[in-house]
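Take a look at the structure set out below.
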Amino acid sequence: MAKIAVSSEGPDLDARVDPRFGRAAGFMIVDPQTMAFDFVDNGATQVMAQGAGIQAAELVAGTGASVVLTGYVGPKAFRALSAVGIAVGQNLNDLTVRDAIRRFQQGDVEMAAAPNSRGHRA
Amino acid sequence: MIVAVASGKGGTGKTTVSASLASIWPAPVIAVDLDVEEPNLHLFLNPVIRDQKASYIDIPEIDEERCTRCRACTDICQFKAIGIFGEVVMTFPEMCHGCGACWTICPENAIAPGKRELGQIVTGQAGPIEFVMGRLRVGEAMSPPLMRNVKRHLGLDPTPPDRDIIIDAPPGVSCPAINAVMDADVIVLVTEPTPFGLYDLALAQKAFAPLEKPMGVVINRADIGTRDVHRHCQKTALPILAEIPYQRDIAEAYARGQIITEAVPSVRPLFDALVKRIAGLANPPSPSEEVCHA
């Protein structure tokens with residue numbers, strides 16, 4: 001099964017889902033069958049004045065993940081993820097990475113048709 | 001001579017001062033509204049509009065057939081205006097500052113300059129005053145590119161035109177404000193004697209100091225608030241060029257869209273003196289002349 005990228009505050013399955021997609025601390029790239037994972041650091045976006053969502057989308061696209069689970073996605077990142085065919089599950093910010101994946105596997109995460117954050121620039 | 005009327009704090013009277021200066025300027029003058037996010041100088045000068053044309057910035061357009069996804073463009077772009085997501089290339093035109101680095105560096109010649117509309121450049125005539133204004137397109141996030149186009153239109157680069165120029169600058173001390181004052185020979189800072197006015201005056205003074213331009217202060221609503229602005233000017237050797245009193249007839253004239261030097265005769269001498277002091281700041285007497293006068 002395809003890998004899942006979860007925006008994460010830390011490098012383990014019990015870390016909390018980072019509510020921000022673009023400026024997430026990093027992404028847990030998880031194989032949902034085995035729960036094997038890699039952590040990809042996204043710290044570089046913390047210092048960007050703008051374009052964090054675009055850069056994070058480049059990072060996630062490079063991991064080969066086909067699903068993103070996160071809290072909030074802005075319009076530009078959403079456009080990019082959609083163009084690559086990565087499905088986006090939003091509003092998962094009150095969970096751990098493990099719980100977010102469990103909910104996704106149970107079919108409890110509705111895939112987004114639109115971004116749920118206005119982003120920081122019009 | 002180019003005079004920029006700036007402030008730091010908004011609402012201190014930049015446009016009031018700009019319009020008044022333009023109306024009594026003793027030489028041929030162009031009045032320029034560079035507060036492109038919310039231009040209002042025309043409301044006071046009432047120019048007859050001669051021309052109104054769209055202004056553009058160059059943004060990348062990518063030929064996806066030619067592009068090899070080498071990432072040279074996205075790596076050099078400081079604003080993430082180009083993203084490469086796996087095999088997908090996308091541009092984000094609203095992020096682009098128009099520097100042209102992407103099509104310069106592209107080894108495949110896969111990027112050509114396209115266009116994004118920034119807004120309008122409006123020109124006209126108000127009696128003897130030439131009038132030029134930039135008006136930002138609603139939704140456009142960046143004003144300096146349009147401001148640069150207005151300045152190019154004025155012919156500031158490479159040689160200044162044969163007329164004097166009065167620039168009504170935007171408030172603040174960030175890129176738009178710097179862009180408005182950087183070509184000036186004199187910067188006039190309009191402030192008010194309140195803590196807020198003083199705070200932003202000091203910010204503007206600090207922001208513009210590296211430009212090494214002569215600066216002076218106009219204190220508007222001069223008889224309200226405190227004397228702290230006066231003390232600050234004295235302490236930092238910032239000359240006070242004029243003090244506009246807090247008067248009902250001035251406020252009424254402003255509210256009717258009138259130029260205060262025309263509507264309120266009592267302020268005229270104050271602005272005549274201001275014009276002379278601005279000229280003095282632009283061309284300080286040489287030491288030998290000072291000796292002669294002494």
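The values are calculated or read from the model by the stated rules, or taken from the named source; none is laboratory data. Everything numeric here is computed off the predicted structure, so don't read it as measured data. Ideal geometry is used to build each Cβ from the backbone, glycine not excepted, and the neighbour counts take in all protein chains shown.
Overview of values
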item: Subset tally (residues that are in contact with a strand residue (DSSP E or B) (Cβ under 9 Å, 6 or more places away or on another chain), more than 16 Å from B:I219 (Cβ to Cβ) and part of a helix (DSSP H, G or I)) for region B:19-29; result: 3
item: Condition met for B:V132 (of a type in the set (V, I, T) and within 14 Å of chain A (Cβ to nearest Cβ)); result: no
item: Cβ pairs under 7 Å, 6+ apart, first in region B:198-214 and within 14 Å of B:D183 (Cβ to Cβ), second buried (at least 17 other Cβ atoms within 10 Å of the Cβ) and aromatic (F, W, Y); result: none
item: Subset of region A:3-32 [in contact with a Phe, Trp or Tyr (Cβ under 6 Å, 6 or more places away or on another chain), surrounded by fewer than 24 Cβ atoms within 10 Å (Cβ to Cβ) and among the small types (G, A, S)]; result: A:G26
item: Counted residues, region B:239-265 - those being without any contact (Cβ under 8 Å) to a residue 40 or more places away in the chain and farther than 15 Å from B:T16 by Cα; result: 1
item: Inter-residue pairs, beta-carbon under 7 Å, first farther than 13 Å from A:L59 by Cα and facing chain A (nearest Cβ under 7 Å) and in region B:78-93, second part of a strand (DSSP E or B) and among the small types (G, A, S), 6+ apart; result: B:M90/B:G83; B:F92/B:G83
item: Members of region B:30-44 that are buried (at least 24 other Cβ atoms within 10 Å of the Cβ) and touching a strand residue (DSSP E or B) at 6+ places or on another chain (Cβ under 7 Å); result: B:A31, B:V32, B:D33, B:L34, B:D35, B:V36, B:L41
item: Which numbered condition B:R231 fails, given (1) free of Cβ contacts under 8 Å to residues at least 24 places away in the same chain; (2) basic (K, R); (3) assigned to a loop (DSSP other than H, G, I, E, B); result: (3)
item: Residue selected from region B:190-228 under the condition among the small types (G, A, S) and assigned to a loop (DSSP other than H, G, I, E, B), by the criterion nearest to B:M1 (Cα to Cα); result: B:A222
item: Qualifying residues in region A:2-20 (those that are in a loop (DSSP other than H, G, I, E, B) and of a type outside the set (A, V, I, L, M, F, W, C)) - the one nearest to A:V84 (Cα to Cα); result: A:K3
item: Enumeration of residues in region B:164-196 that are small (G, A, S) and in contact (Cβ under 8 Å) with a residue 40 or more places away in the chain; result: B:A169, B:G172, B:A177, B:A180, B:A184
item: Count of residues meeting criterion [surrounded by 16 or more Cβ atoms within 10 Å (Cβ to Cβ) and not aliphatic (A, V, I, L, M)] in region B:248-270; result: 3
item: Any hit, region A:54-69, residues being free of Cβ contacts under 8 Å to residues at least 24 places away in the same chain, surrounded by fewer than 24 Cβ atoms within 10 Å (Cβ to Cβ) and not β-branched (V, I, T); result: yes
item: Total residues in region B:30-63, condition within 23 Å of B:M215 (Cα to Cα) and either assigned to a helix (DSSP H, G or I) or free of Cβ contacts under 8 Å to residues at least 12 places away in the same chain (or both); result: 1
item: Members of region A:92-122 that are on the phi > 0 side of the Ramachandran plot and surrounded by 15 or more Cβ atoms within 10 Å (Cβ to Cβ); result: A:G119
item: Residue match in region B:96-115 (condition: surrounded by fewer than 17 Cβ atoms within 10 Å (Cβ to Cβ), touching a Phe, Trp or Tyr at 6+ places or on another chain (Cβ under 8 Å), charged (D, E, K, R) and in contact (Cβ under 8 Å) with a residue 24 or more places away in the chain); result: yes
item: Single condition B:A54 does not satisfy, out of (1) in contact with an Asp or Glu (Cβ under 7 Å, 6 or more places away or on another chain); (2) of a type in the set (A, V, I, L, M); (3) surrounded by 21 or more Cβ atoms within 10 Å (Cβ to Cβ); result: (3)
item: Out of A:G51, A:G62, A:G43, sole residue that is touching a helix residue (DSSP H, G or I) at 6+ places or on another chain (Cβ under 8 Å), at pLDDT below 95 and farther than 18 Å from A:G89 by Cβ; result: A:G51
item: Criterion violated by B:I167 - all others in (1) closer than 18 Å to B:L34 by Cβ; (2) crowded, with 21+ Cβ neighbours inside 10 Å; (3) within 14 Å of another protein chain (Cβ to nearest Cβ) satisfied; result: (3)
item: Among (1) touching a residue at least 40 places away in the same chain (Cβ under 8 Å); (2) out of contact with any Phe, Trp or Tyr (no Cβ under 9 Å at 6 or more places or on another chain) - the single one B:R71 does not satisfy; result: (1)
